[in-house]
Amino acid sequence: MNVSVPPRHLGLSLLRVLRPAVSRDTAEPPGLLMPATPWLRAALLALLFAMTVGFTGGAIAIPLNVFEPRPAPMVAAVLGLLQAAPLLFAVRWPLRAWRVSAAGFLLGAFLLQERYFWPWPVTSWLAFVVIVFLTAVGHERRVTAGVGLISVGGLIVPAVVIGAMPDWYGLILAGIVALALAFGDAIHARFVAELTLREQAELRRQDLARQAVLEERARIARELHDVVAHHMSVIAMQAEAAPYKIPDLPEEARRTFAVVRDAAREALTETRRVVGLLRSDGDAAERTPRPGLDRLDDLVAAARRSGLKVTSAIVGVPRPVPAGVDLSAYRIVQESLSNAARYAPGSQVRIEVRYGSDLLRLAVTDDGPRETPEESHGGGHGLVGMRERVAMLGGTLEAGPHEGGGWSVVADLPYGAP
């Protein structure tokens, strides 16, 4: 067992083992000794209870029937309870159980010396070995080292010194303690490593989710810039051309158009400066023409080439919609088809675009069994991107499994989006 402890920490390790106020038993890692599954927990408690009853009964009966001269029944009972009974609560408070059992062993070494080959019943020793093992499983290595040092130097060595057992037998018992501690320490290290990996995996998942949100927001900002830049350019050009289109335009009106033109240009410059920070040199895809629902047929054709059986339907009278709504509707359909191709390849997908009086409803439904989508390789980051877009437009999004199997995405996008 690798229990290398710096000398400056040795005293602290022994202090933590011997003093409850320093060791803080109640801070033992939850779930380290007790399984999370209820029936496994019940089985473990039942096994420990049976072992405790058997070991304690043997610890009391062996001195009364084997040792010569026989100790008083009260002495045998007290020593047996101190040495073996702590096994009952060792699974929850292993260090406390070890303290009680060790005290019983030290007391037994002085009270039962020269009565038998060694002063402790074999069942008591078996219970002690289990308690030592549970202590190593439930505590850090410094505590384990302290338990090993005190078990050998404070129990076995004194028993050998006073002549309660041969020195060679004491070496065997010390080796057993070392093996139990090494085995328990290995299990503890494995548990800590698995716990650390789970925590790192969870942190990575959260980082990926935050990254997906940030990337999708950056993408939305770039696309929003394209929409705003177009309209601001129109405003600037119209304000510039107005004095030439209207010959007898009053001077006040000319100054007003000039103010509008300058404000539009300044706003356009500031918008490009801010969004320019989000662009990368190789981000050629962001310089392509802004897509919309007029390219729905292209999406359907691409999805069919990927193996999906796609049908689309337009409900209501198509009408011009705001550029932001048009772009977000395209992206939501694109993400839904991308997720369907990834999680339910070969499934049948139905796209419905419904033009209502005050909002645009998108419904994309597939019939393939699948898991919850998280990311896609289409225009963004799956459900994360969809929710970001819908929230930006003040709409609602419902995504999840539907009756009969498959997955559905329903988004309502108000025309008068903020």
Positions within region 72-89 being over 19 Å from F49 (Cα atoms) and either part of a helix (DSSP H, G or I) or open to solvent by less than 10 Å² (accessible area, probe 1.4 Å) (or both), in sequence order: P73, M74, V75, A76
The listed residue being over 19 Å from L327 (Cα atoms) and of a type in the set (A, V, I, L, M), out of A236, A218: A236
Region 400-418: number of residues that are under 17 Å from S347 (Cα atoms) and of a type outside the set (F, W, Y): 9
Pair list, Cβ under 6 Å, 6 or more apart: region 330-350 residue farther than 14 Å from A363 by Cα and aromatic (F, W, Y), other residue at pLDDT below 90 and open to solvent by less than 10 Å² (accessible area, probe 1.4 Å): Y343/P373
Residues of region 337-372 that turn out to be crowded, with 16+ Cβ neighbours inside 10 Å, at pLDDT below 90 and not charged (D, E, K, R), as a count: 9
Test for I332: is it surrounded by 21 or more Cβ atoms within 10 Å (Cβ to Cβ) and modelled with pLDDT of 90 or more: yes
Complete set of residues in region 196-232 that are open to solvent by 70 Å² or more (accessible area, probe 1.4 Å) and closer than 19 Å to R265 by Cα: L224, H230, H231
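The values are calculated or read from the model by the stated rules, or taken from the named source; none is laboratory data. The shown structure was predicted, so the numbers you read here are calculated from the model rather than taken from an experiment. Quick reminder, even Gly has a Cβ in these numbers, built from the backbone with ideal geometry, and neighbours come from all protein chains shown. With ligands, DNA and RNA removed, areas are computed over all heavy atoms of the protein, side chains included. Shrake-Rupley method; radii C 1.70, N 1.55, O 1.52, S 1.80 Å.
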